[in-house]
Structures are given as structure tokens and as C-alpha cells.
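Written below as C-alpha cells is the structure these notes are about.
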Amino acid sequence: MNIGILGGGIGGLSTAIALKQEGFDVSIYERHTKPSEIGAGIVCWPNASFILEQLGVLDKVAKVSGSINYMNRFSSTGEPIGSLDINELSRLMKYSSYSIIRKDLMNILIQRTIELNINIHYGYEATKISNENLNTEVLFSNGKRIQPDLIIGADGRMKSLARKYVSGSNAPIYQGFINWVGVIENESVNFSELSVSDYWGVGERFGIVPVSKSKAYWAGGAVSKNINEINPNKYKTELNSIFSGWSDIIAKVINGTPQSRINKIYVHDHDPINLWHKNNLVLLGDAAHSPLPTSGQGACQALEDAWHLTRCLKANINNLPKAFLSFTELRKTKTSGITMGGRQLASSIFNQDAEFCKHRNIASKNTNYQNAVVGMAKGWSSGLPISA
């Protein structure tokens, strides 16, 4: 079976690796002319670590990652409002949790595709997907065409032609807030505890995820009703204006990050859909389900898709419709729940009512985090052979 994958991000790369390891003939078609560097970092929670092990790259990931210990929540004034034991989560799920710079994870996955002789075709932007007699054809902006036995749409949340082909539209939903994301490597900042710091304000949030004692990725979020022009020269001014008066570490992180390593993202997601396939094309990753960053599971769920789809295809090699239905049924409940959970947390974090935020912080302080860890372990391990 000849398989073409639209999209060379984490979902596309991991799926290509999983499929090639099982003997499938697979090629990747990426719209950009080189690997994309959008985004800052990723926490590979234990469910993702399990998949990375199956792909043969977990050892390499561990060498360039931080093994994080706790997720500590604070108010904007620095008052502790809760702490989640990531070590316990990892113990329950039988795999460690790793913080990694997105570029480093991409490089590891690309190196694995090279080892497996998987072709990645850059500069292939899909402009049209059409079908006659159930033979789906993809036309690219460079004039090339492909008509493989199976097409996998892993072309992201914002411009997914594959999602439009399957569901009739691709209209990502702006969720009313901005994320500035960045990567800092600076010896003057010490992240010795390797624990996540998550600061909550009124309609604002700042999170720091260490990767080593001197390296971290971070995200500063704030409500914005409108999508305005992006000007990198203003990023630090905007951030310092919003987070002035917050914890000292936040100003150090913002000002210690080179402008070239800061991006500004107007955050979108998608409503869950029930149908992930049409003819011989199937969606996965952000093209199928695209949770907000508040879910913490975007890349992790794309990795899970890679593993599940490969197993479904292997079990139904001569029956693509059955393979697609099996894959969708395995994945849509979990991914829909994660999408809606991400929205729910975002609506709380980015609430602009000061009284609401005061009581939200009190509720966070009074949360039973031991029970929360057990619930996360149960939810994130569902469908995978990793639960205690």
C-alpha cells in the first residue's frame, strides 16, 4: 500500500515512522520549504513517552529533555495556589514526563525518518483535493500531483485542505486570547528544580517550563477580542506592559529571551467532528482535533493518532473503510473530551472578572491534587497499555 501524508509536523512525522516500521510505503508532503519552527516547546506526558518509545526515539528525546517534577500554580502576585506531583503521574502511567524544545523533537523525528528512508518532500503545498471513482488526487502549488492508495491529512488546524475535503469546511475558531511563546537559554536564570511554574492573573497567564537549569520555554497569554497586526518589534514591550508587577522571574524570562525566539499566536481551535475520513483520505492530529494549549495534550494526541492508525491499518489491510471507522471510534471520544476540557480551563484562566478569579484561585488552592493526578493518569492512559 502506497501512503501519502500531507503535513510534516509532529503528527505527520510520527505517523510516517510508525507506518514504515510496519512495512508500509510512505512519503510526506510538507507545504513549507523546510521544517517548521513555529511553537516553543512541548511536554511529552507519559502517554506521549510511550508512543515515542514505540517509534524508537525515546532515548534520544530523554537526552535533550528535562524530566520535570511538579507543576506549581501561583497567583499573579506569586502566592502559591496549588502543586501537582508530576513524578506521581509518571509513576502511575509507568513512563516519565519530558519537557522538550519543539525544534529538538522535530529534529529527532526527522532523523528517524532519514534512518528509515522515508522521503519528505518540502515545498509541496496542497491546493486541491479531488476524487473520481474513489481515487483521491492531491494537486500541489508546484504543479505536482499524487494519487496514492491512502492519503493521511496531517496538515494542521489553520489551513487544512484535508479537513475541508472531509467535513466541507475548515474554519478554525478564535478563542479570544493571544499566546506569546518563547525559548530562553540564559545562564543568568536558574531553573534548578525543573518544575513547571504557572501564574494566573485576571484575563492573563504566564507559564514557564524548564528543560534544563538554564533553558526553558514559556508562554504569556492575554485576552484579546480582536485579531490585530503582528509586529515582532513590539513583542517585548507588549509582554512587559501586561506582566509588569508579576513575579520577578517573569520579567527576567521575557527580557532574557532573544526577539528572534519569540512568536505571537492568536489562539484557535476546532469544534469536534464525528467523521474523520472520506473515500481513501483520513485525518489525524490537529486536522482532526485541535485542542487549545491549555489542554497540554495537542502534540501528545497527535502521537497517539500515529500509533492507533497504524494498528488499525495493519489489522484491516484490505478494508480501508473498516480501518478508518475503527480508528475514529477509538480516538474521537478521548480527543473531544480533551478539546472541551482545554476550552473549559481557558475560559477560567482568561476570565476577566476579578471576583471570579479570586474564587478560582481559592478553589485551586483547595483542590485535592492527589485525586487530580489519579484522574489525569486514568484519562491520559485510556486506550493505551500503560495504566497501573
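For the condition in contact with a Pro (Cβ under 9 Å, 6 or more places away or on another chain), touching a residue at least 60 places away in the same chain (Cβ under 8 Å) and outside the structural domain of VAL181 (by TED's automatic domain parsing), what is the one hit in ASN263, ASN280? Walk me through it before giving the result.
Details: ASN263 fails: outside the structural domain of VAL181 (by TED's automatic domain parsing).
Just one listed residue meets the conditions, ASN280.
Could we say that VAL64 is within 25 Å of LEU13 (Cα to Cα), surrounded by fewer than 19 Cβ atoms within 10 Å (Cβ to Cβ) and of a type in the set (A, V, I, L, M) here? When the stated conditions are applied, VAL64 passes them. For segment 215-243, the tally of residues that are part of a helix (DSSP H, G or I) and of a type in the set (A, V, I, L, M, F, W, C) stands at 2. Against the criterion of being over 30 Å from THR136 (Cα atoms), assigned by TED's automatic domain parsing to the domain that holds ARG102 and surrounded by fewer than 22 Cβ atoms within 10 Å (Cβ to Cβ), ASP59 qualifies.
Of everything in segment 252-264 that is surrounded by 18 or more Cβ atoms within 10 Å (Cβ to Cβ) and not in a helix (DSSP H, G or I), the residue that is farthest from the chain's Cα centre (by Cα) is THR257.
For segment 39-74, enumerate the residues that are in a strand (DSSP E or B) and either over 25 Å from TRP307 (Cβ atoms) or in contact with an Asp or Glu (Cβ under 8 Å, 6 or more places away or on another chain) (or both). Full working, then the answer.
Here is the first cut: in segment 39-74, the ones in a strand (DSSP E or B) are 41-44, 66-67, 70-74.
TYR70, MET71, ASN72, ARG73, PHE74 - these are the residues of segment 39-74 that are in a strand (DSSP E or B) and either over 25 Å from TRP307 (Cβ atoms) or in contact with an Asp or Glu (Cβ under 8 Å, 6 or more places away or on another chain) (or both).
Yes or no: SER65 in contact (Cβ under 8 Å) with a residue 40 or more places away in the chain and under 17 Å from TYR217 (Cβ atoms)? In short, yes.
The values are calculated or read from the model by the stated rules, or taken from the named source; none is laboratory data. If you're wondering where the values come from, they're calculated on a predicted model, not measured in any experiment. Heads up, the Cβs are rebuilt from the backbone with ideal geometry, glycines too, and the neighbour counts pull from every protein chain shown.
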